[in-house]
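First the structure, in the form of C-alpha coordinates, and then the observations on it.
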Amino acid sequence: MHDRKTNLTRRRLLRAGIASLAAVPAAPLIFSPAFAKERLSEDNPQAQALHYRHDVADVDHADYEEGQKCANCQLYTDPDAADWGPCSAFPGHLVSANGWCTAWVPRG
(Lines give C-alpha, C1' and ligand atoms only; values in the text may rest on other atoms or scores of the structure.)
Protein backbone atom coordinates (compact mmCIF):
# COMPACT_ATOMS: atom_id res chain seq x y z
CA MET A 1 0.00 0.00 0.00
CA HIS A 2 1.20 3.49 -0.81
CA ASP A 3 1.80 6.03 1.82
CA ARG A 4 -0.28 9.24 1.48
CA LYS A 5 2.80 11.36 2.12
CA THR A 6 4.65 9.70 -0.78
CA ASN A 7 1.73 10.35 -3.16
CA LEU A 8 1.71 14.05 -2.23
CA THR A 9 5.42 14.29 -2.86
CA ARG A 10 5.04 12.67 -6.30
CA ARG A 11 2.20 15.04 -7.14
CA ARG A 12 4.30 18.04 -6.18
CA LEU A 13 7.17 16.76 -8.28
CA LEU A 14 4.92 16.24 -11.30
CA ARG A 15 3.34 19.68 -10.91
CA ALA A 16 6.74 21.33 -10.64
CA GLY A 17 7.94 19.43 -13.72
CA ILE A 18 4.93 20.46 -15.77
CA ALA A 19 5.24 24.08 -14.64
CA SER A 20 8.94 24.09 -15.59
CA LEU A 21 8.21 22.71 -19.04
CA ALA A 22 5.52 25.33 -19.57
CA ALA A 23 7.97 28.10 -18.61
CA VAL A 24 10.75 27.03 -21.01
CA PRO A 25 9.33 28.77 -24.13
CA ALA A 26 9.00 32.04 -22.20
CA ALA A 27 12.55 31.95 -20.80
CA PRO A 28 14.20 33.89 -23.67
CA LEU A 29 11.69 36.69 -23.22
CA ILE A 30 12.37 36.89 -19.50
CA PHE A 31 16.15 36.44 -19.52
CA SER A 32 17.08 38.04 -22.85
CA PRO A 33 20.28 40.09 -22.58
CA ALA A 34 18.83 42.72 -24.92
CA PHE A 35 16.12 43.56 -22.39
CA ALA A 36 18.56 43.70 -19.50
CA LYS A 37 21.04 46.08 -21.12
CA GLU A 38 20.94 49.71 -22.12
CA ARG A 39 22.75 51.44 -24.95
CA LEU A 40 26.24 52.64 -24.13
CA SER A 41 26.60 56.39 -23.96
CA GLU A 42 29.66 57.99 -25.51
CA ASP A 43 29.86 59.99 -22.25
CA ASN A 44 30.33 56.82 -20.20
CA PRO A 45 33.79 56.93 -18.53
CA GLN A 46 34.71 53.48 -19.82
CA ALA A 47 33.55 54.43 -23.34
CA GLN A 48 35.69 57.57 -23.19
CA ALA A 49 38.69 55.59 -21.98
CA LEU A 50 38.41 53.29 -25.00
CA HIS A 51 37.54 56.16 -27.41
CA TYR A 52 34.17 54.56 -28.28
CA ARG A 53 32.05 56.18 -30.99
CA HIS A 54 28.57 55.09 -32.11
CA ASP A 55 29.46 55.70 -35.76
CA VAL A 56 32.81 54.94 -37.40
CA ALA A 57 32.38 58.12 -39.48
CA ASP A 58 32.98 60.07 -36.25
CA VAL A 59 36.18 58.20 -35.32
CA ASP A 60 39.31 60.34 -35.25
CA HIS A 61 41.92 58.04 -33.75
CA ALA A 62 45.35 56.88 -34.97
CA ASP A 63 44.55 53.20 -34.27
CA TYR A 64 41.42 53.17 -36.44
CA GLU A 65 41.68 51.43 -39.81
CA GLU A 66 39.11 51.49 -42.60
CA GLY A 67 36.58 48.65 -42.31
CA GLN A 68 36.85 48.20 -38.54
CA LYS A 69 33.53 48.38 -36.69
CA CYS A 70 31.87 46.72 -33.73
CA ALA A 71 29.91 44.28 -35.90
CA ASN A 72 33.14 42.65 -37.16
CA CYS A 73 34.94 42.73 -33.80
CA GLN A 74 35.53 39.56 -31.81
CA LEU A 75 34.32 41.31 -28.64
CA TYR A 76 30.89 41.94 -30.20
CA THR A 77 29.27 38.83 -28.76
CA ASP A 78 26.17 38.69 -30.97
CA PRO A 79 27.30 39.09 -34.60
CA ASP A 80 23.68 38.62 -35.72
CA ALA A 81 22.57 41.79 -33.90
CA ALA A 82 21.71 44.25 -36.66
CA ASP A 83 21.85 47.66 -34.96
CA TRP A 84 22.88 47.33 -31.31
CA GLY A 85 24.45 44.34 -29.59
CA PRO A 86 26.40 43.20 -26.54
CA CYS A 87 30.14 43.73 -26.28
CA SER A 88 32.42 42.06 -23.76
CA ALA A 89 34.44 45.28 -23.45
CA PHE A 90 31.35 47.05 -22.09
CA PRO A 91 29.47 44.52 -19.91
CA GLY A 92 25.88 45.47 -19.18
CA HIS A 93 25.63 47.74 -22.22
CA LEU A 94 24.77 47.49 -25.90
CA VAL A 95 27.03 49.08 -28.50
CA SER A 96 26.25 50.21 -32.03
CA ALA A 97 27.07 47.62 -34.70
CA ASN A 98 28.49 50.52 -36.71
CA GLY A 99 30.55 51.80 -33.76
CA TRP A 100 34.23 51.47 -32.91
CA CYS A 101 36.63 51.62 -29.95
CA THR A 102 40.33 51.00 -29.33
CA ALA A 103 39.57 47.52 -27.96
CA TRP A 104 38.63 46.36 -31.50
CA VAL A 105 39.90 42.83 -32.26
CA PRO A 106 39.42 41.17 -35.67
CA ARG A 107 36.90 38.35 -35.72
CA GLY A 108 38.78 35.20 -36.49
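Only residues that are farther than 13 Å from Glu42 by Cα, in a loop (DSSP other than H, G, I, E, B) and touching a Lys or Arg at 6+ places or on another chain (Cβ under 8 Å): list them for region 52-92, please. Scanning region 52-92 gives Gln74, Pro79, Gly92.
One line per residue, one yes/no per condition, for (1) modelled with pLDDT of 90 or more; (2) in contact with a Ser or Thr (Cβ under 9 Å, 6 or more places away or on another chain); (3) not charged (D, E, K, R):
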residue: Ala19; (1), (2), (3): no, no, yes
residue: Pro28; (1), (2), (3): no, no, yes
residue: Glu42; (1), (2), (3): yes, no, no
residue: Gln46; (1), (2), (3): yes, no, yes
residue: Arg53; (1), (2), (3): yes, yes, no
residue: Cys70; (1), (2), (3): yes, yes, yes
residue: Asp83; (1), (2), (3): yes, yes, no
residue: Cys87; (1), (2), (3): yes, yes, yes
residue: Pro106; (1), (2), (3): yes, no, yes
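Do you know which of the residues in region 93-108 that are assigned to a loop (DSSP other than H, G, I, E, B) and in contact with a helix residue (DSSP H, G or I) (Cβ under 8 Å, 6 or more places away or on another chain) is surrounded by the fewest Cβ atoms within 10 Å (Cβ to Cβ)? Explain how you work it out, then say what you get.
Narrowing region 93-108 to residues assigned to a loop (DSSP other than H, G, I, E, B): 97-99, 101-105, 107-108.
Going one step further and asking which of them are in contact with a helix residue (DSSP H, G or I) (Cβ under 8 Å, 6 or more places away or on another chain), we end up with 97-99, 101, 104, 107.
Values: Ala97: 21, Asn98: 15, Gly99: 26, Cys101: 26, Trp104: 21, Arg107: 11.
Only one residue fits best here, namely Arg107.
The values are calculated or read from the model by the stated rules, or taken from the named source; none is laboratory data. Computed from a prediction, not measured in an experiment: that's the story for all the values here. We place every Cβ from the backbone using ideal geometry, glycine too, and count neighbours over all the protein chains shown.
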